[in-house]
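The values are calculated or read from the model by the stated rules, or taken from the named source; none is laboratory data. For clarity, every value in this text was computed on a predicted model and none was experimentally measured. Please note: Cβ atoms are built from the backbone with ideal geometry, for glycine as well, and neighbour counts cover all protein chains shown.
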Amino acid sequence: MANPSTESADPAVQESPWRGHAALLVVQLCFGLFPLFAKLAGEGFTPKAMAVWRIAVGSLVLGTLAVVFYGRRAVPARGDLLQIAVLALLGVVLNQVLALEGIALSTSVNAGLMMTLIPVFTFGLAGLVGQERLAPLRAVGLVVALGGALLLQLQGSGAAGGPNVLLGNLLMALNCLSYACFLVMARRFLRRHPPLVVIAWTYVASLWTLPLLGHGQSLWPEGAGDVAWRGLVLLLLFPTVLAYLLNTYALSRVPASVTAIYIYLQPLIAGVAGVALLEEPFEPVMLAAAALMFVGIALVTRRPKAASA
């Protein structure tokens with residue numbers, strides 16, 4: 001589960017902005033349906049097996065496209081290799097494994113709500129390292145959003161959820177934190193390299209983990225039915241490849257400050273899909289958690305007013 005829409009490599013280009021907004025809408029649809037696709041694929045594949053498929057396919061497709069579009073610019077400098085390795089660990093390996101393991105234990109509805117923690121954690125970490133000014137309202141937003149996440153955790157520990165949902169929610173929160181660390185660390189790197197190149201290399205630099213993740217996992221399980229295979233194909237096509245390509249396109253046409261707003265659509269899409277298609281329960285306490293998290297993200301992503309001269 002990844003949403004790079006909170007950061008941009010280049011200044012926004014105003015050429016055909018409506019196309020950028022259209023692309024962002026499709027991106028949110030792809031990421032919003034990620035929990036649904038993972039649940040479907042989970043009927044035949046383990047989370048680690050899905051991660052292996054995503055890293056392998058993502059490396060092949062995104063790496064090839066990066067070379068096609070950027071040629072020699074797609075080849076990283078030797079001095080960037082260590083940073084790329086760390087970015088790969090945070091933004092791909094831990095991000096995907098924690099997300100898929102969390103979704104397997106929890107619900108699509110909870111996964112959608114947890115997605116909103118990505119920009120919250122990102123602004124919080126950016127404030128700690130001095131990349132962002134952590135204004136009072138933003139600090140309040142962090143507390144409010146984390147309060148919503150805690151409420152969701154308490155809901156998961158109740159009779160309707162149980163320890164599996166509680167652990168699943170926690171893993172998804174850690175996934176969001178891992179990806180937020182990736183975004184903060186990648187900020188300067190993204191200013192020097194095109195987003196597609198950065199994303200491609202974080203995938204390629206994750207290939208060494210495939211033997212570790214795939215150990216003891218069946219990548220072609222005999223018991224996987226049509227539903228599981230369809231879910232895996234959708235998982236690879238939309239949140240793994242198409243979402244990143246369209247997001248890269250959108251970031252060159254829409255300001256990064258605007259793209260953060262679109263994350264509000266992801267929990268709505270994930271929640272509707274989970275309730276309507278997977279018949280997952282939607283309990284009243286989730287509305288309170290959603291309200292807190294939405295208010296928190298609104299405060300966190302709000303640009304502080306410039307100080308008067």
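Does Gly223 meet the test of being over 23 Å from Ala77 (Cα atoms), touching a Gly at 6+ places or on another chain (Cβ under 7 Å) and part of a loop (DSSP other than H, G, I, E, B)?
yes
So, Ser218, is that one farther than 28 Å from Leu81 by Cα, touching a helix residue (DSSP H, G or I) at 6+ places or on another chain (Cβ under 8 Å) and hydroxyl-bearing (Ser, Thr, Tyr) or not?
Answer is yes for this residue.
Starting from residues that are within 15 Å of the chain's Cα centre (by Cα) and over 10 Å from Ala88 (Cα atoms), keep the ones in region 180-193 and report whichever is surrounded by the most Cβ atoms within 10 Å (Cβ to Cβ).
Top of the filtered list is Leu183.
Which residue pairs have Cβ atoms closer than 8 Å, lie 6 or more positions apart in sequence or on different chains, and pair a first residue in region 121-149 that is free of Cβ contacts under 8 Å to residues at least 60 places away in the same chain and among the aliphatic types (A, V, I, L, M) with a second residue that is crowded, with 16+ Cβ neighbours inside 10 Å and in a loop (DSSP other than H, G, I, E, B)?
Filtered contacts from region 121-149: Leu128/Leu134.
Somewhere in region 91-107, is a residue touching a residue at least 60 places away in the same chain (Cβ under 8 Å), assigned to a helix (DSSP H, G or I), among the hydroxyl-bearing types (Ser, Thr, Tyr) and touching a helix residue (DSSP H, G or I) at 6+ places or on another chain (Cβ under 6 Å)?
So far as region 91-107 goes, no, none of its residues is touching a residue at least 60 places away in the same chain (Cβ under 8 Å), assigned to a helix (DSSP H, G or I), among the hydroxyl-bearing types (Ser, Thr, Tyr) and touching a helix residue (DSSP H, G or I) at 6+ places or on another chain (Cβ under 6 Å).
Do you know which of the residues in region 66-76 that are more than 16 Å from Ala205 (Cα to Cα) and modelled with pLDDT of 90 or more is farthest from the chain's Cα centre (by Cα)?
By that ranking, first place goes to Gly71.
Tally time: how many residues in region 194-222 are more than 16 Å from the chain's Cα centre (by Cα) and over 13 Å from Val67 (Cα atoms)?
Residues in region 194-222 being more than 16 Å from the chain's Cα centre (by Cα) and over 13 Å from Val67 (Cα atoms): 18 in total.
Evaluate the following for Gly130: is it at pLDDT below 85 and on the phi > 0 side of the Ramachandran plot?
yes
Suppose we keep only residues that are aromatic (Phe, Trp, Tyr) and farther than 19 Å from Ile297 by Cβ within region 171-203. Which one would you say is modelled with the highest pLDDT?
Ranking the candidates gives Tyr203 first.
Return yes when Gln131 is more than 21 Å from Thr240 (Cβ to Cβ), in contact with a helix residue (DSSP H, G or I) (Cβ under 7 Å, 6 or more places away or on another chain) and not in a helix (DSSP H, G or I) and no when it is not.
Answer is yes for this residue.
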